[in-house]
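J.: Take this structure, written in structure tokens, and hold onto it; I'll ask about it next.
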Amino acid sequence: MSINKDQVEGRVKEATGKVQEVAGKVVGSTTQQVKGAVNKAAGAAQAKYGDVKNDLNKQSKEDRSKADR
């Protein structure tokens, strides 16, 4: 299984958002909680985009190898 840039960056952003969200809860900052939740959601979306892109790329390679036979 190969991993692409969007998958890595998305998961890093998702984790960073989670940390920011928890830190906001600890210090009582609603603004930081919301920013963390937004970053977490954006990271999850980017990671999912990377997953789909990876699946399409893998399927395309399989289709090409079948066509070459």
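The values are calculated or read from the model by the stated rules, or taken from the named source; none is laboratory data. It should be emphasised that the depicted structure is a prediction, and the values quoted were computed from it without experimental measurement. In this analysis, Cβ positions are derived from the backbone assuming ideal geometry, glycine residues included, and neighbour counts consider all displayed protein chains.
J.: Please specify each residue of the stretch 25-39 satisfying the condition of being among the small types (Gly, Ala, Ser) and without any contact (Cβ under 8 Å) to a residue 12 or more places away in the chain. Lay out the reasoning, then the answer.
T.: Taking the stretch 25-39 first, the residues among the small types (Gly, Ala, Ser) are 28-29, 36-37.
Hits for the stretch 25-39 are Gly28, Ser29.
J.: Next up: Report whether or not Val12 is among the hydrophobic types (A, V, I, L, M, F, W, C), in contact with a helix residue (DSSP H, G or I) (Cβ under 8 Å, 6 or more places away or on another chain), free of Cβ contacts under 8 Å to residues at least 12 places away in the same chain and part of a helix (DSSP H, G or I). Steps first, please.
T.: On the way: among the hydrophobic types (A, V, I, L, M, F, W, C): yes; in contact with a helix residue (DSSP H, G or I) (Cβ under 8 Å, 6 or more places away or on another chain): yes; free of Cβ contacts under 8 Å to residues at least 12 places away in the same chain: no; part of a helix (DSSP H, G or I): yes.
So Val12 does not fit the description; no.
J.: May I pose another question? Would the stretch 3-11 turn up any residue that is surrounded by 13 or more Cβ atoms within 10 Å (Cβ to Cβ), modelled with pLDDT of 95 or more and of a type in the set (A, V, I, L, M, F, W, C)?
T.: yes
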